[in-house]
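Down below is the structure, laid out as structure tokens.
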Amino acid sequence: MTATPGERIYSRIGELARISDDAEGLTRLYLSPAHKKAAELVAQWMREAGMSVRIDAVGSVIGRREGLTPQAPALLVGSHIDTVSNAGRFDGCLGVVTAIEVVRTIAARKATYPFAIEVIAFGDEEGVRFPSALGGSRAIAGTFDPAILDERDEQGVSRREALAAFGCNPDAIAAEARSPATALGYIEVHIEQGPVLEAEDLPVGIVTAISGATRGFVEVHGETGHAGTVPMGGRRDALAAAAEMILAVEARAKGETDLVATVGRLTLPNPATNTIAGKARFSLDIRAPVDAQRLAAVADIQAAIARIAAEREVRAEVSLSYEAPATPCDARLMQLLTASVEGLGIRARRLPSGAGHDAMAFRGVLPLAMLFVRCKGGISHHPSEHASAADIDVAARVLASFIASYASEFAKST
Ligand SMILES: [Zn+2]
């Protein structure tokens, strides 16, 4: 019995999952020995699929299948092979292995397109080892900040040193940058990492945008006091005020499509059962695929916090520490993906990505698109993360069809 592409991809994802920095579980950090081994295996699969392979200056594995002319610009198809600690096996690897399989089938058909195809296995997506992330995709996008070469991991090893040990030349990173003359666009297949596709019984979905995010902290200053002696009427309870504010954050996002707002941390300086909290601090994480939608929510949440603070006679300080714009996917590429999904008789569900991806690095640089694959229970960054071979097979067929229709559009436009 011949395995389907989905089954071959599924089994290779299993092979990659055995390459770990830890004896137990899957942990593969950027530029680690396991990353090196995984990169070598991926490079071997790329060569077997008929690609020429190199490791670039930041440790990404790049396989290239030439187009009709040797210097033709390339369609980039990528994802990542680094993982979080104690990871699932599908996050990242699914996209890389699926891209290799699709190029293998293109080579087997001896199909040649007017553009090259490059499969890229990035190694620095998760941002676990060093403070920043997306070094691989930013190098290709031409937005790599050389200052991060001095970042150090927990052992005190710098990015620059780790790159040299991996066999890379940090001084050559700037030369990895692509331009529209050498790259046409970027597409990434990735597990959804959420429950939407499963809930709607769909194997794949088309990403509309990678949501932008605002993060920060709110400090609530009230007045501490004895839980037994201060009457309820005269209290300025910082924790009760924070609780009302947290519910206001939730209420603002509830019921508005694609907007999410989360308070994931709440800390009290000296909590005690018999003490009224004088101070409370909680986090804010607000995301939406459209920047105006997110900014409106942030403004409303700040207003609600100020109103609650005034009503409760506490002082609330909001400090927003992080702001990332949304990364919209390219309308034309989304349309090609939609036609490819519908061509398989599947409803084309469009959804935003609430999580970050390498594709973000190409914002404003290259047209980009993403295809999500259903993941069991919406669970990710955990050993029980799972995507089925049947769903992966659908993703491979959509990607192959996308590339073929991209090629026919390309032929028409040139
Ligand atoms: Zn990922």
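Taking only pairs six or more apart or across chains, which ones have beta-carbon atoms under 9 Å, a first residue in region 181-201 that is without any contact (Cβ under 8 Å) to a residue 40 or more places away in the chain, and a second residue that is part of a loop (DSSP other than H, G, I, E, B) and within 16 Å of the ligand (Cβ to nearest atom)?
Close Cβ pairs satisfying both conditions: 201/374.
Could you check residue 103 against (1) in a strand (DSSP E or B); (2) of a type in the set (A, V, I, L, M); (3) within 21 Å of residue 372 (Cβ to Cβ) and say which number it fails?
Every listed condition holds for residue 103 apart from (1).
Take residues that are closer than 30 Å to residue 319 by Cα and tell me which of the strands (runs of 3 or more DSSP E) falling wholly in region 158-229 contain 1 or more.
204-210, 212-221
I'm told residue 280 meets every condition in (1) under 18 Å from the mean Cα position of the chain (by Cα); (2) modelled with pLDDT of 95 or more except one. Can you identify the failing condition by its number?
(1)
Limited to region 119-139, what total is found for residues that are assigned to a helix (DSSP H, G or I) and within 16 Å of the ligand (Cβ to nearest atom)?
4
Report whether or not residue 98 is in contact (Cβ under 8 Å) with a residue 40 or more places away in the chain, more than 24 Å from the chain's Cα centre (by Cα) and closer than 17 Å to residue 392 by Cβ.
Judged against the criteria, residue 98 is not a match.
Got a number for residues in region 70-89 being within 16 Å of the ligand (Cβ to nearest atom) and either under 21 Å from residue 33 (Cα atoms) or of a type outside the set (A, V, I, L, M) (or both)?
Residues flagged as within 16 Å of the ligand (Cβ to nearest atom) and either under 21 Å from residue 33 (Cα atoms) or of a type outside the set (A, V, I, L, M) (or both) within region 70-89 amount to 12.
Given 14, 67, 92, 50, which one is away from the ligand (no atom under 16 Å from the Cβ), within 21 Å of residue 193 (Cβ to Cβ) and of a type in the set (Gly, Ala, Ser)?
Just a single option satisfies the conditions, and that option is 14.
Being under 21 Å from the mean Cα position of the chain (by Cα) and in a helix (DSSP H, G or I) is the filter here, so list the residues in region 381-393 that pass it.
Scanning region 381-393 gives 391, 392.
Go through region 1-43 and give me each residue that's in a helix (DSSP H, G or I) and aliphatic (A, V, I, L, M).
9, 13, 16, 17, 34, 38, 39, 41, 42, 43
Give the residues of region 309-339 that are in contact (Cβ under 8 Å) with a residue 24 or more places away in the chain, closer than 25 Å to residue 404 by Cβ and out of contact with any Leu (no Cβ under 8 Å at 6 or more places or on another chain), sorted by residue number.
Selection gives 328, 332, 334, 336, 338, 339.
Just to verify a result, which residue in region 43-84, among those that are modelled with pLDDT of 95 or more and among the polar types (S, T, N, Q), is farthest from residue 362 (Cα to Cα)?
Taking the candidates together, the pick is 44.
Considering only residues that are among the aliphatic types (A, V, I, L, M), within 16 Å of the ligand (Cβ to nearest atom) and in contact with a Gly (Cβ under 9 Å, 6 or more places away or on another chain), which ones fall in region 95-118?
96, 99
Out of (1) out of contact with any Phe, Trp or Tyr (no Cβ under 8 Å at 6 or more places or on another chain); (2) buried (at least 24 other Cβ atoms within 10 Å of the Cβ); (3) of a type in the set (D, E, K, R), the odd one out for residue 124 is which?
Here residue 124 clears every test but (1).
Which is in contact (Cβ under 8 Å) with a residue 60 or more places away in the chain, closer than 22 Å to residue 262 by Cβ and of a type in the set (Gly, Ala, Ser), of 355, 361?
Just a single option satisfies the conditions, and that option is 355.
Can you tell me which residue is surrounded by the most Cβ atoms within 10 Å (Cβ to Cβ) among those in region 379-389 that are within 15 Å of residue 95 (Cα to Cα) and aliphatic (A, V, I, L, M)?
387
Of all residues in region 334-359, how many are in contact with a helix residue (DSSP H, G or I) (Cβ under 8 Å, 6 or more places away or on another chain), assigned to a helix (DSSP H, G or I) and not charged (D, E, K, R)?
Total satisfying the criteria: 7.
When you look at residue 87, is it modelled with pLDDT of 95 or more and part of a helix (DSSP H, G or I), yes or no?
Criteria not met by residue 87.
Kindly indicate whether any position in region 142-161 is among the small types (Gly, Ala, Ser), surrounded by 15 or more Cβ atoms within 10 Å (Cβ to Cβ), closer than 19 Å to residue 402 by Cα and modelled with pLDDT of 95 or more.
No, the conditions are met nowhere in region 142-161.
The values are calculated or read from the model by the stated rules, or taken from the named source; none is laboratory data. All values reported here derive from a predicted model rather than from experimental measurement. All Cβ positions, glycine included, derive from the backbone under ideal geometry; neighbour counts span all protein chains shown.
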